[in-house]
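Q: Below you will find the structure I want to go over with you.
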Amino acid sequence: MLQGMGWSVVEVSDTSDASALEAALQGSKVVVSTLGGGDLVEVEKKIVQAAKNAGASLFVPSHFGIDHRKWGGEHPFLTRKQAVLDTADQVGLPTLSVSTGFFADWSFGFFMDLENGKVTWIGDGNDMITWTSRSDIGYVLAKALADPKYANGGHLSIQGDYRSFNDATKLLGDALGKTFTVDYMDPEQAKKQEAELLKKGKEGDVSAFLASFKMHLMGEPARGNKGCDLSADFDNYGVKMQSLEDVFKKAEFADASLAW
């Protein structure tokens, strides 16, 4: 499909092959990663080195989501991503990090029990959140990459909508024609539960690890973390962004498959 649109497609079957990565990236000025998977960090570190060797001048890591500068790195899933930025710094390759808040077309399938119409928010559900549809990110990023201010890297924030968990729940219920049963959990109680789940996750329980990550994302806003509130400094470069209503009308909210 991409070739039909005029793209040059180069397949790299073995991402541990440094020479193959470097060859694939020859001629690239900017390298944008949209990778996922359990080996994301190790693969991206190799890509950073290959991009530098190939003559690239900027790397955009697959860090789309919360603003890591504000959020911090308490959860291992987030902490490990810093290693990619460290590698880029070590080899002298500037990076542009892109924050989008929570994904409007993914988060609700992860946070909520859509089938049974239930959700438990942490805190009172009124914390304001930036929501962005993944399909909008590329349009804004393309315009930002043409902006000289990012020639040497930096940080870009994007925002599609700005709603509380409670408001988003009501909008989704309206789109589905149902009323969700909403419960609330004390933020500190949730923190303890998150820690218990994470302990099991580190012992090899993948389901517990994912559950701890979910509670971490849902709970930090209630504990005062502003890493998913990008309302003060976002720049969409004039791109018309999809609101939560737009996403819900297209039923693009139930994809809870994690890109590990």
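The values are calculated or read from the model by the stated rules, or taken from the named source; none is laboratory data. The structure presented is a predicted model; accordingly, all values stated were derived computationally and were not measured. Keep in mind that these areas ignore ligands, DNA and RNA; they rest on the heavy atoms of the full protein, side chains included. Shrake-Rupley method; radii C 1.70, N 1.55, O 1.52, S 1.80 Å.
Q: Under a 1.4 Å probe, what is the accessible area of region 30-147 per residue, stated in Å²?
A: Result: 38 Å² per residue.
Q: Please list the three semi-axes, largest first and in whole Å, of the ellipsoid equivalent to region 130-173, using sqrt of 5 times the eigenvalues of its alpha carbon gyration tensor.
A: 29, 11, 6
Q: While we're looking at this one, here's another question. I'm spelling it out carefully: the read-out is Rg/Rh (Cα atoms, Kirkwood Rh), the candidates are (i) 1.07; (ii) 0.98; (iii) 1.04, and one was derived from this structure. Which label?
A: (ii)
Q: Go through region 82-96 residue by residue and turn each phi into a ³J(HN,Hα) via Karplus (6.51, -1.76, 1.60, θ = phi - 60°); whole Hz please, and just put x for glycine and proline.
A: Listing the rounded values in order: 4, 4, 5, 5, 5, 5, 4, 5, 5, 8, x, 10, x, 10, 10 Hz.
Q: A further question on this structure: In the Gaussian network model of the chain, springs joining C-alpha atoms below 10 Å, which of Glu44, Glu22, Glu196 carries the largest mean-square fluctuation?
A: Its mean-square fluctuation being the largest, the pick is Glu196.
Q: Explain nothing, just compute: Karplus ³J(HN,Hα) = 6.51 cos²θ - 1.76 cosθ + 1.60, θ = phi - 60°, for every residue of region 14-28 in order, whole Hz, x for Gly and Pro.
A: Using θ = phi - 60°, the values come out as 10, 6, 8, 8, 4, 5, 5, 5, 5, 5, 5, 9, 4, x, 7 Hz.
Q: How large, in percent, is the carbon and sulfur part of the accessible surface of region 1-157 at a probe radius of 1.4 Å?
A: That fraction is 50 percent.
Q: Considering only DSSP beta bridges whose two residues both sit in the chain, what percent are antiparallel, to the nearest 5?
A: Taking every DSSP beta bridge within the chain, about 25 percent pair in antiparallel fashion.
Q: Once amide H atoms are built 1.01 Å from N in the peptide plane, which residues 5 or more positions from Thr100, or in another chain, come under 5 Å H to H?
A: Result for Thr100 returns Gly65, Ile66, Ile158.
Q: Where does the chain land at 222 nm, in deg cm²/dmol rounded to the nearest 500, when only DSSP H runs of n ≥ 4 count, each adding -39500 (n - 2.57), divided by all residues?
A: -11500 deg cm²/dmol
Q: Right, here's the next one. Subtract the Cα-Cα distance of Glu42 and Asp113 from 0.36 nm times their separation in residues, and report this length gain in nm to one decimal.
A: Gain on stretching Glu42 to Asp113: 22.3 nm.
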